[in-house]
Structures are given as structure tokens and as C-alpha cells.
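The values are calculated or read from the model by the stated rules, or taken from the named source; none is laboratory data. Predicted model, so just to flag it, every value in this text is computed and none were measured. Positions of Cβ are generated from backbone atoms using ideal geometry, with glycine treated the same way; all protein chains shown enter the neighbour counts. Accessible surface is based on the protein model in full, side chains and every heavy atom, while ligands, DNA and RNA are left aside. Shrake-Rupley method; radii C 1.70, N 1.55, O 1.52, S 1.80 Å.
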Amino acid sequence: MSGNTFNWCFIGAGPFARSAAMELTFIRNRSHKIVSVYSENKLEAGSFVAFYGGKSYSTPDEAIALDEVDAVYISLEDVSKHYDLALKCIDLKKPVLIEKPMTPSCEQAISLFDKAEQKNIYLSSTTWSWFLPVFNQIKEWIANGDIGEVKKCDIVYSHPNNPSKNTDNPISTLVSVGTFPLSCCARIFGTPCEISCTATSFENGVDTGDKITLTYDDGVVCNIELSQKKFLGRENATITGTNGIITLPLFHQVVKAKLMSSTKMESSLNFQRNSSSFDIVAKEIGDGLVHSEFLAPDDVLRVIKMIDECKNQVDAQIK
């Protein structure tokens, strides 16, 4: 660190990187600084540093290895490139934070965690919504029986402007869009005993829309509908019980949850910014951790395993 500033290398200068940079540059009280940037798109990198600061480098090695870099944030539109770049960070002894999904497969994610542990280098992902106060409130409402016995959860999440669909290497909707709703279900209900997934549309060899059903041992069923090509309606999660419902409108933004039952009405607001993940990472790296205590590797892998199972079923359908 330089004084009280934590210095970042950004690998990728697309929409995800710009969203994070906006938070770091204009909201986080100057406790973070972007010092180096690499993108295969030179014009994109140039406009990024002009607005958010730092210096653009012609190779990822140059950007990562810079002495003043405290950690690397990888946020490429092509998720398939995350693995090799994360390995490069580990080899160059730089802590690394990877935008979700960490990798396209659980096998690659396990390999990264193992290599990071072997070399004593911090590695984590950005699924920080897992522990936001709204989800804690939802779990408390369920545990208190405020909506009676939970029967099902319905989630609709469409992302027609998702940049992942515009790459030369098209990416499965399950990978590019499915991570958050599956994380939501895993956070609230745990690991399902059964997963069923069907591609509702596909092109160029990958799924562009999916329907997922997660079944749990206690009988709860989660129904998820995804698309990265068309708008499915306002994104929403609804948990239905025998005595009421919990709704999470605009659930990807994790703004609020609302409880409605025959005996109770209550709302839970959340104004925590996404960039709090960068604060957490900076502290954990400063504390000398290799694995995040806030978002454990097992929590990351649980969701990627769910994606893997869905992908296997969808790939069989497409082929």
C-alpha cells in the first residue's frame, strides 16, 4: 500500500471494470487507486485510464508485475480467459480478485485455489451479495416462520444487454447470467438434492436462455428463468410460504426485501455498495490471508458446481 491507499491493477476495461472503477474512484473516499490497466482493446484501455486514472500497459505481465500493485482485479467479458490470467497473477505473486463467475468450470476454480494456497497468494471471487444484510434478513424471516412453511422460490433474471453475449467466443447464459440467482438460492436454501436444467433457446452452440429447477430435501423448489437475449420482465425473486411471501424486486441490485403475510408486513433496505468487496479484500490481504474469510472457497465452489451440473444437462440437449 502507498500510505492509506490500496493500489489495483485492472485486467479488463469493459462494463464490469468501469462499474467497479466508478465505485472506487468516486465513492470510496480515495482509499483505493487504480495504478495499472490492461485490455486487449487498446482504445477501450485508453478511454478507461483517461477517465479513471492509472496507466495502460501493452501486456498483462507489465500491468500485473508493477511494484506498486497491491492486488489484481480480473473482469473480462470472456470468462474463459480468467483462469490463465489468474495463474499469471499467482506466479507473479500478486493477490487476485476475480469477477464472478471465477472460471467456466469447477475444475479450473479448484485448481486456482490449490495453486494460490501452495504459493501463499490471496485469491477470491466477487460474489459478495452472499452476505449482504438483505439476505441475512430473509433467512431470519424464514427461520422465524414469518411466512409459514416455505414451499417455493421463483426467480426471473434476464440480462439482454449482458456484454458476454457480444464476444467472439459466445458464453453460456448459465455462466454469464446464472451465477447470481444460483448464488441467491445457495445462500438462502443451501445445496439442492436435485438439479434440472433445460435450454429454452440457443445459438452458435451455446444456450441463450434457460429454465432451472432446484429441489431441496425439505421439499422447497426453486424455479429460475434466465435469458441473455430477451427481456423476461422485471427481475424479481419471490419466496412463497404457507402463510405469506417474501419478495426481492430488482434482486440483482439487492436493494430491498419485503415480507407480506397475514400477520406481518415488513421491509428490509440495503444501501451497501458493491465496492465494499474491495474494502474487504484489501483488509484480508493486509491481514495476510490466503483465502477469504468473508467468502470461503467452498462457498464459491458450491455455486460453480451447480453451474457445471446445469451446463452438462444443457450441453447434452444442444448436442
query: How many residues does the range 289-309 contain that are in contact with an Asp or Glu (Cβ under 7 Å, 6 or more places away or on another chain) and more than 25 Å from Lys93 (Cβ to Cβ)?
result: 0
statement: The residue from Phe48, Phe26 that alone is of a type in the set (Phe, Trp, Tyr) and either touching a residue at least 12 places away in the same chain (Cβ under 8 Å) or buried (at least 20 other Cβ atoms within 10 Å of the Cβ) (or both) is Phe48
message: For the range 70-145, give me every one of the strands (runs of 3 or more DSSP E) that falls completely inside it and has 2 or more residues that are at pLDDT below 95 and over 20 Å from the mean Cα position of the chain (by Cα).
response: none
- request: Could you tell me which residue of the range 268-283 is modelled with the highest pLDDT, considering only residues that are of a type outside the set (A, V, I, L, M, F, W, C) and surrounded by fewer than 21 Cβ atoms within 10 Å (Cβ to Cβ)?
  value: Lys283
- request: Determine which single condition Tyr122 fails, assuming it passes every other condition in (1) under 14 Å from Glu284 (Cβ atoms); (2) open to solvent by 60 Å² or more (accessible area, probe 1.4 Å).
  value: (2)
Considering residues of the range 53-98 that are open to solvent by 20 Å² or more (accessible area, probe 1.4 Å) and touching a Gly at 6+ places or on another chain (Cβ under 8 Å) only, the residue farthest from Ile304 (Cα to Cα): Ser56
- request: Please go through the range 246-267 and pick out each residue that is open to solvent by 20 Å² or more (accessible area, probe 1.4 Å), among the β-branched types (Val, Ile, Thr) and either in contact with a Gly (Cβ under 6 Å, 6 or more places away or on another chain) or modelled with pLDDT under 90 (or both).
  value: Val255, Thr263
field: Selection within the range 42-63 - within 15 Å of Ala21 (Cβ to Cβ) and assigned to a loop (DSSP other than H, G, I, E, B)
entry: Gly53, Gly54
